[in-house]
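The values are calculated or read from the model by the stated rules, or taken from the named source; none is laboratory data. As the structure is a prediction and not an experimental result, all values here were calculated from the model. FYI the Cβ positions are ideal-geometry reconstructions off the backbone, even for glycines, and counts take in every protein chain you see.
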Amino acid sequence: MSDPRTTPSIFTRGAVDLSALRPSPPARPAAPSRPAAPAGETPGAVPGIPGVAPETIIEVTDAEFQSVLERSVETPILLDFWADWCEPCKQLSPVLERLAGEYAGAWILGKVNVDVSPRLAQAFRVQGIPQVTALIGGQPVEGFSGVLPETQIRQYIDAVLKAAGVSVAAPEDPRLDAADDALMTGDLDAAEAAYRKILAEAPADAAAESGLAQVELYRRIAGVDPATALAKAETSPDDVEAQRLAADIEVLSGQADLAYARLVALVKKTFGDDRDAVRKHLLSLFAVAGPDDPAVAGARRALASALF
């Protein structure tokens, strides 16, 4: 998982040892025979997802990984490590599947069931799921763990495509694209100025509001050691600032549900200015996720109940 003290970067290559997954010469067992795929259907494609082309989402196993690696030379592949028993996976996977369809083949979503393909999980050093890792040009690229807000997932995907030299349709608002680029490269001042300019002209722009909230979030955790901050929050449950900082770290660690629950609990036991500060802090974290995030809807109801 990326260090939440910094703006995420995806440009760390070669961090995964894939040699164990490549066939060892000279002997190579023959692949087991399989029924032929129906006409118009790609072997390994995941069927039954409305609005998603068959080749956009594929199943990836230990045995087939070499061909997937070779395929990433032509098209970036995002590997989604998941399992049937993983509840957070059930939140992230539908978002990735929908985005795979939206990008219309600019990248491929590779579904890796860690129970079915343990060697792959081991090679990619999967310590917790869900985990997303990209393949560009046959090489692994740093990804993320946990359930991130859709806006951050889109930023990650766009950065992967940019690194792979893949051109996608121009965004409806090029100002937003420039602001997102500044955020992803860590130029928080430029990102803030760009987002504020958009909001000055379009106050209801949810994407710009989310971007600005992310800028503020990164600034709050600048220079903070996550482990120390979380430990302090654990030992100081009534320390409002410590709890707010811990919530920030949890959001950037893909544990937004824990952050929301932490601050809702704090709202219940604070009063006056402290309670209002916690409420506003929680709303700022909702803005990071965006209005369409399902976890936000539940947390909003919990906040309303805590307040009234």
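Annotations
- The residue that is modelled with the highest pLDDT, among those in the stretch 148-165 that are closer than 12 Å to GLN214 by Cβ and in contact with a Gly (Cβ under 7 Å, 6 or more places away or on another chain), is LEU148.
- Screening the candidates LEU303, LEU307 for the property of being closer than 25 Å to LYS90 by Cβ, modelled with pLDDT under 95, surrounded by fewer than 22 Cβ atoms within 10 Å (Cβ to Cβ) and not small (Gly, Ala, Ser) yields one hit, LEU303.
- Of everything in the stretch 246-261 that is in a helix (DSSP H, G or I) and surrounded by fewer than 21 Cβ atoms within 10 Å (Cβ to Cβ), the residue that is farthest from the chain's Cα centre (by Cα) is ALA261.
- TYR195 passes every criterion in (1) modelled with pLDDT of 90 or more; (2) assigned by TED's automatic domain parsing to the domain that holds TRP82; (3) crowded, with 16+ Cβ neighbours inside 10 Å apart from (2).
- Of the candidates ASP189, ASP180, ASP225, the single residue that is surrounded by fewer than 16 Cβ atoms within 10 Å (Cβ to Cβ) and either over 26 Å from ILE129 (Cβ atoms) or touching a strand residue (DSSP E or B) at 6+ places or on another chain (Cβ under 8 Å) (or both) is ASP189.
- Residue check for VAL95: touching a residue at least 60 places away in the same chain (Cβ under 8 Å) and β-branched (Val, Ile, Thr): no
- Against the numbered list (1) closer than 16 Å to GLU59 by Cβ; (2) surrounded by fewer than 22 Cβ atoms within 10 Å (Cβ to Cβ), GLU142 comes up short only at (1).
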